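The values are calculated or read from the model by the stated rules, or taken from the named source; none is laboratory data. Because the structure is predicted, anything quoted here is derived from the model rather than measured. Here the Cβ positions follow ideal geometry from the backbone for every residue, glycine too, while neighbour counts run over all protein chains shown. Side chains are part of the model used for accessible areas, which takes the heavy atoms of the whole protein and leaves out ligands, DNA and RNA. Shrake-Rupley method; radii C 1.70, N 1.55, O 1.52, S 1.80 Å.
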Amino acid sequence: MLLTRELQLGGWEASERVEIVRSLHGDMLSFAYASVAVAVGASMTAIQTGQNALWSVVAFTSLIAAIRLVTMLMVRQRSHNADFDVVFWERLYLVLGTVHVASVGAWTTIVFLVGGGAFAQVVSFATAIGYLIGIQARNFPSPLIARVQTAAAAVPMVAGLLIQGTAWYVGYAFILLVFFAGILRTNGRICETFLGALRAARMNEELAHFDTLTHLPNRAYTNRRLDELTRDTYEPFAVHFVDLDRFKRINDTLGHKAGDAVLIETARRFRDVVGTSGFISRFAGDEFLILQYGADAEAAAGLADRLVEAMREPFMIQGAPAATGCSIGTALFPLHGEDAELLTRQADTALYQAKSAGRSTARMFAADMLDRETNRLRIETGLRLALEDNQLRLFFQPLVEPNTLRISTCEALIRWMAPDGRMISPGEFLPVAEETGLMGMLTDWTLYEAMRIASDWPSSVAVAVNLSPSQLLRADMVEVISTALRETNFDPRRLEIEITENLLLGEHQPVLAKLEALRDMGISIALDDFGTGFSNFSYIARLPIGKVKIDRSFLTGIIADKRRQSLLRGFVHLVASLDLRIVVEGVETIELLEFVSSDPQVTQIQGFVFGRPLPETAIGTLLRASSSTGREVAESRPRIAIAGQ
C-alpha cells in the first residue's frame, strides 16, 4: 500500500519503512493472545511459589502489553496520514517491545532466584520461548528489532540457567544460545525475502498505478486512496476536482507533444502549490484530483484559488504563449459525503458549476448544485428532442455600415423554443451541447438553416455563422459547409464564418488549411471577440481572415474615458493597417453610435441600437422592404433606434 509521503520523498526506502512499521504493529489479535498467555503463566508461577516478586512480573508485563496494544491501534488509524512519523513509531515499537520481551525473560530469572520448583521453571521457560518465537514472526521485516529483542530475552534467560551452576543447566544455556542464533539467521533470510517481494510488488504497482507522463498516481490508485481515507481517517480533508480549460484545443491544434508538455508543466505547478499538504493525481486525460489533508472550507477555498492563479500564466508551447487555465470543484469530507464515490461525485458537480461560471474559477459544492445538475441533464435530454422536433429557431442581428446605415450582413443566432413556449437562452444549452457532443449536430443545422433563410434575402446581404473552436477541429467541417452551400444553392461569397480570437490556431497547419480552403471557396472569415485574448497582431496577420470584430468590452464607459477612447482608436488603426474590415460590437445607444461612426476606418457596427435580433420572417420583411422601395435603411434610422431603446 503506497503512501502520499512516499510520493513526496520520491524513493523506495521511505515506503518500505512505512510497510515495516505497519507490519510490526499489524497483528493485534495474535499479540493479545501471546500477552494473555504470559500473564496467565506468570500468575500460575506466582500462585505455585507464593512469591510476591512474580506478581510484580504479572503486573508489569500486563501494563506494557496494554500500552503496546494502544500504540498498535494508533498506528492503524494514523499510518495513512501525510504527517505520519515513521521514525517515531518505529523507535517507540523498538523501545516498548524490548522492555516487554526483557520483562518476559526476567520472569524466568526471577523464578530461578526465588527457588521455584520444576513446574515454575518449565512454565516460565516454555512460555518465554514460545513468546520469543512468536515475536520473530512479528518482527521479521526488521532484523535490527529482531536482534535487539532476542538479546533482551536471551540474556536474562541464559543468566537464570547459569545461576543454577550445575553442568546440566550450563549445557542447556549453551544449547539455548545456539537456538537463539538459529532464530536470528532464519529471521534475516525471511526479512530479505519479504523486502525483495515488497520491492517487486512496488515496481509492479508503480507501473499499474502511476501515470508515466507526469509520474503522478493514476485513477485506480486515487480511488483506492480515497477509499482508505474515508474508511480509516477521522480527520477532515478536501477533494479538489481539477479540469484544464481549453486543453483539447491545444492538443488538437498544436499536437500531442504540446499537450503532453502542458500536462507535465501543470503537474509541476500543482506540486509547487500543494507541497506536502496534500496528494496530487492525474485522474483522467486533462483532469487532476487533489486531496488536501486537514482542510476546512476556508483552507480548501484558499488552495483552490492558488491553483487557479498558478494556471493563469500562459504556457510557452513551441515558442508561443498558449492559455489554458483550470476550473476546480471542491467537496469536503465528511461535510459533503462520507464515502469516496459520493465525494468524487459532489466535487465533479461543483466542477461543472465552475466551468459554467466562465472557467478559470473554483466552486465549493453546495446542495443547490444538485438542482442545477438535474437541470443540466434536463437540458441535455430536451436538446436532443429539440433537434428532432424542430424546436430550434434562428434569429438575426444586423451589421450596419456606419455612413449609410445600410444592412450588409446579418449574424445568425440560435434560439431554442421549448414546447411550453419558453425561450431557452443559448448560454444555457450551448455549453451542454459542447460537453455532450451535440454541438456538431447544432452546427450542421445552423449552417444549413442560415443559408436556406438567407437565400430569400437581397443578394447584397451576407449571413454570418459562428463556428465554435471544437467545430473547426472537425475533419469534415469544410465538407459540411460545402454540402450546405450546394444543397441550398447559396452563393459562398455571401457566407461569413466567425471564429474566436482564443482559438490558438498557432502553427497547426491542418486548421489553417481548413480556413484557407473556406476562403478559397469565396467564404469570408471573421475574427470575433477581438481584444479578449492575447491580441497578437503578428498571429492575426497569418490568419486567412478578412474582418475583425472588436469586442463590446472596449465600449464600457468609453464616452467619459479619454484613455479608453484612445485605446479603441489605436486598435482600430492597427487592424485597419492589416487591410482588414472592422466591426465594433456592443453599440447600444445613439451616443455610442455617433462616437463609433466618427471613425472612418470602422466598416460595420453591431448592437441593440439598431434593435433586438429578429426572427426569420421579421428580418426578411425588413430587408426586402428596404430593397424594394429603393431606399437605404438610413431613412428608417429613427424607427430602428426607437426599437432598440
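Heavy-atom surface analysis with a 1.4 Å probe gives the chain a carbon and sulfur content of 58 percent of its accessible area. Ordering of 274-280, 610-616 by packing is 274-280, 610-616, highest average first (other Cβ atoms within 10 Å, averaged per residue).
Between amide H atoms placed 1.01 Å from N, distances below 5 Å from A295 occur with F237, A238, all of them 5 or more places distant or on a separate chain. A 1.4 Å probe over all protein chains sorts V572, V273 by accessible area into V273, V572, starting with the largest. Considering only I379, F279, M311, and ranking their Cα positions along the charge dipole of the chain that arises from unit charges at the beta-carbon of Lys, Arg, Asp and Glu, the one farthest toward the positive end is F279.
Specify the angular offset, from 0 to 90 degrees and rounded to the nearest 10, of the alpha carbon long axis of helix 86-113 from the longest principal axis of the alpha carbons in the chain. Helix 86-113 and the main axis of the chain meet at about 10 degrees.
When you filter the trypsin sites (Lys or Arg not before Pro) in segment 372-475 for DSSP loop state and at most 10 other Cβ atoms inside 10 Å of their Cβ, you are left with R422.
Extending 7 Å from the Cα toward the beta-carbon at both V36 and R372 defines two label points whose distance is 5.7 nm. Across segment 579-590, rounded Karplus estimates of 3J(HN,Hα) from the backbone phi angles (6.51 cos²θ - 1.76 cosθ + 1.60, θ = phi - 60°) give 6, 10, 6, 10, 10, 9, 8, x, 7, 10, 10, 4 Hz, Gly and Pro being marked x. For segment 327-368, with the dipole built from +1 on Lys and Arg beta-carbon atoms and -1 on Asp and Glu ones, taken about the Cα centre, which of G337, A362, T349 lies farthest toward the positive end? The listed residue farthest towards the positive side: A362. Distance between the modelled labels on Q318 and N390, one decimal in nanometres: 4.5 nm (7 Å Cα→Cβ projection).
Highest mean first, the peptides 211-220, 547-556 sorted by other C-beta atoms within 10 Å per residue fall in the order 547-556, 211-220. Between 0 and 90 degrees, the angle of helix 562-577 with respect to the longest Cα principal axis of the chain falls at about 80 degrees.
Working note: 222 nm ellipticity from helices only, DSSP H runs with n ≥ 4, each -39,500 (n - 2.57), summed and divided by the residues of the chain, gives -19500 deg cm²/dmol to the nearest 500. Think of the chain as having a plus end and a minus end, set by charges on the Cβ of Lys, Arg, Asp and Glu; of Q149, T488, V114, V114 sits farthest toward the positive end of this dipole. Summarising the label geometry, the points placed 7 Å from Cα in the beta-carbon direction at D520 and T71 lie 7.9 nm from one another. Sum up the charges of everything whose Cβ sits under 13 Å from the Cβ of L144, counting Lys and Arg as +1 and Asp and Glu as -1, but leave L144 out. Once all neighbours under 13 Å are counted, the net charge is +2.
Charged side chains reduced to their Cβ positions (Lys and Arg at +1, Asp and Glu at -1) give segment 270-314 a dipole of some 160 debye around its Cα centre. Round to the nearest 0.05 the FRET efficiency obtained for E428 and E588 when R0 = 25 Å and r is the Cβ-Cβ distance. My answer for the efficiency is 0.65. Across segment 241-286, Cα-Cα pairs farther apart than 18 Å form 29% of the total.
Here the chain is assigned +1 on the Cβ of each Lys and Arg and -1 on the Cβ of each Asp and Glu. Its dipole about the Cα centre then comes out at about 1260 debye. The angle separating the long axis of helix 616-628 from the principal Cα axis of greatest extent in the chain is about 30 degrees.
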